[in-house]
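Colleague: I'd like to ask some things about the structure below.
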Amino acid sequence: MKPRPQPATEPTVPSLHRWNAVFWVLLGVVPPAIAVADAPGTTRLPVLVLLAVLALSYGAVGLFPGNPVLRPLPYLYVLVVGLGAMSYLLDGSAALFVVTLPHFWIYTASARAAISFSGLAAAGVVAGNVVRQGWDGEFLTGNVIFTLIGYAAGVSIGLVVHHITEDSDERARRLSAELEGARLRLVEAHQRQGAADERERLAREIHDTLAQGFASIIVLAEAARSGLEADPGRSGKQLLAIENTARENLAEARVLVGSAPRSGVAAGSVADTLRRTLDRFTEDTGVGVTSELPDVDCDQRTRIALLRCTQESLANVRKHAAASDVQVVLTALPYGVELEITDDGRGFVTEESHGFGLNGMRERLAELGGELTVTSSVGDGTRVLAVIPTDGQV
């Protein structure tokens, strides 16, 4: 079992200790001082000096526990000697001994030490009374009996309180250990969640950038290879597009490993950024694109989200829709920005679609407080609507 803290290290006197000090002064120090008020000087002066020494010693230890002059252990020896001397001077000091008993439990580190010191004090009180009475006098005086009864009661009560205190300390230690364990588990959970979120973010970025770029390279390479003999000029343009896409993928890869600016998207107008993306899509696929792209003012995160949604939607058109026409409309609204992408392709059943791309778009928009709505049916094309609030900055 972990030992209790040494009393000398306690930073201040607790509230119960202060109440004990008040009772000790009122019931232990004041009555003897009043009792010797009319006594001869040979008794009055030593008693008052001894009471003052005991009071000052208690004040030094109780109010200034870290003082270098009087430590708790020497103070207990002062109590033992002082109580014995007081018993000799007053022919018994059982009342002062009884009200002083808590000191032996407060300023010791263990129950055994408290019992030993209070036993020495009881012996000193009895010895002082016996010496005062003389060896021929009556031994079992009222003061002696009261002292012995007080010592027995003090030991019993002290042991009970000590046991309660130890149980309380043990419960506090267990609770502290449980709280520390819970804190460590919470930290580990946060770390795991952070790692999972980062993996998910990287997967989404790879899907929205590198994977789309590689898919574009494959399509362009197949088209260039098949048209080398029939249309070398077009194949040359497709090879140039492959080169540009590869360069863009390299730039995105550098962003993902942290050796380039985090967004991977150059600053500028969101309309210009989307327009370049649509032009590249038309050049790569031959699919016609009709667009309405006004110059909307938005921050970099919103620009990136709009670009990624456009790239993912166009990639789905390229891979799945077999569309001949795509319409892209960007609108500034009082509450935010709205991006609508519509195609006339084959469509699909939205309830049966659980693709990574659509989920990635939803999560990306959700991080900005936005929302993605996908409307489609087989044979009727697809409509993708992305709405991002901009706090009135439109």
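The values are calculated or read from the model by the stated rules, or taken from the named source; none is laboratory data. This structure is a prediction, so every number in the text was calculated from the model and none was measured. Virtual Cβ from ideal backbone geometry, glycine too; neighbours counted across all protein chains shown. The accessibility values were calculated without ligands, DNA or RNA, using every heavy atom of the protein model including side chains. Shrake-Rupley method; radii C 1.70, N 1.55, O 1.52, S 1.80 Å.
Colleague: Write down the percent of antiparallel bridges among all DSSP beta bridges whose residues are both part of the chain, to the nearest 5.
Modeller: Values: 22 of 27 bridges.
Of the beta bridges lying entirely in the chain, close to 80 percent run antiparallel.
Colleague: Further question: Based on DSSP H runs of at least 4 residues, each adding -39500 (n - 2.57), what is the mean residue ellipticity at 222 nm of the chain after dividing by all its residues, to the nearest 500 deg cm²/dmol? Before the final figure, lay out the partial values.
Modeller: On the way: 12 runs with 243 residues, N = 394.
Taken over the chain, the calculation gives -21500 deg cm²/dmol.
Colleague: Mean separation of Cα pairs under 8 Å and 6+ residues apart, divided by the residue count of the chain: what relative contact order is that in percent? Could you put the intermediate results ahead of the total?
Modeller: Values: 481 pairs, mean separation 36.9, N = 394.
Computed over the chain, the figure is 9 percent.
Colleague: Ok, one more. Convert each backbone phi in region 97-102 into a coupling constant with the Karplus relation 6.51 cos²θ - 1.76 cosθ + 1.60 (shift: θ = phi - 60°), then list the ³J(HN,Hα) values in order as whole Hz, x for Gly and Pro.
Modeller: 4, 5, 6, 8, 3, x
Colleague: Which one, 158, 323, 70, projects farthest toward the positive side of the charge dipole computed for the chain from Cβ point charges (K/R +1, D/E -1)?
Modeller: 70
Colleague: Go through region 303-394 and name the chymotrypsin sites (Phe, Trp or Tyr not before Pro) that are in a DSSP coil and have 16 or fewer other Cβ atoms within 10 Å of their Cβ. Before the final figure, lay out the partial values.
Modeller: Working: sites: 335, 348, 356; in loops: 335, 348.
In loop regions of region 303-394 (DSSP not H, G, I, E or B), the sparsely surrounded chymotrypsin sites (Phe, Trp or Tyr not before Pro) are 335.
Colleague: Return a whole-number percent for the relative contact order of region 89-166, with Cα pairs under 8 Å and 6 or more residues apart as the contact set.
Modeller: Numbers: 59 pairs, mean separation 34.1, N = 78.
Rounded, it is 44 percent for region 89-166.
Colleague: Here is a follow-up. With loop defined by DSSP as not H, G, I, E or B, and exposure as at most 13 other Cβ atoms within 10 Å, which is the longest segment of the chain clear of exposed GluC sites (Glu not before Pro)? It would help to have the intermediate numbers written out before the result.
Modeller: Numbers: sites that count: 138, 229.
Answer from the scan: 230-394.
Colleague: Also: How much accessible area per residue does region 292-394 have, counting only protein heavy atoms and a probe of 1.4 Å, in square angstrom?
Modeller: Numbers: 4950 Å² over 103 residues.
The answer is 48 Å² per residue.
Colleague: Give me the percent of Cα-Cα pairs in region 83-211 that sit more than 21 Å apart, rounded to a whole number.
Modeller: Tail of the P(r) past 21 Å holds 61 percent of the pairs.
Colleague: Something else now. Please name which of 84, 114, 232 has its Cα lying farthest along the dipole of the chain towards the positive end, using unit charges on Cβ (Lys, Arg +1; Asp, Glu -1) and the Cα centre as origin.
Modeller: Working it through, the farthest residue towards the positive pole turns out to be 84.
Colleague: Suppose every K and R has +1 on its Cβ and every D and E has -1 on its Cβ; what is the size of the dipole of region 315-394 about the Cα centre, in Debye to the nearest 20? Don't jump to the answer; show the numbers that get you there.
Modeller: Details: 6 positive and 12 negative charges, 50 e Å.
I would put it at about 240 debye.
Colleague: Oh, and also: Can you tell me the equivalent ellipsoid semi-axes for the chain? Use √(5λ) from the Cα gyration tensor, largest first, whole Å.
Modeller: On the way: eigenvalues 1844, 76, 66 Å².
Square roots of five times the eigenvalues give 96, 19, 18 Å.
Colleague: When the dipole is taken about the Cα centre of region 116-189, and only Lys, Arg (+1) and Asp, Glu (-1) are charged at their Cβ, what size is it in debye, to the nearest 20?
Modeller: On the way: 6 positive and 9 negative charges, 25 e Å.
With Lys and Arg at +1 and Asp and Glu at -1, about 120 debye.
Colleague: Rounded to whole Hz and in sequence order, give me ³J(HN,Hα) for region 311-328 from the Karplus expression 6.51 cos²θ - 1.76 cosθ + 1.60, θ = phi - 60°, writing x for Gly and Pro.
Modeller: My calculation for region 311-328 gives 4, 5, 5, 5, 5, 5, 4, 4, 7, 10, 7, 6, 8, 10, 8, 10, 10, 10 Hz in order.
Colleague: About the Cα centre of the chain, how large is the charge dipole given +1 on each Lys and Arg Cβ and -1 on each Asp and Glu Cβ? Please answer in debye to the nearest 20.
Modeller: Working: 34 positive and 44 negative charges, 391 e Å.
Its charge dipole is roughly 1880 debye.
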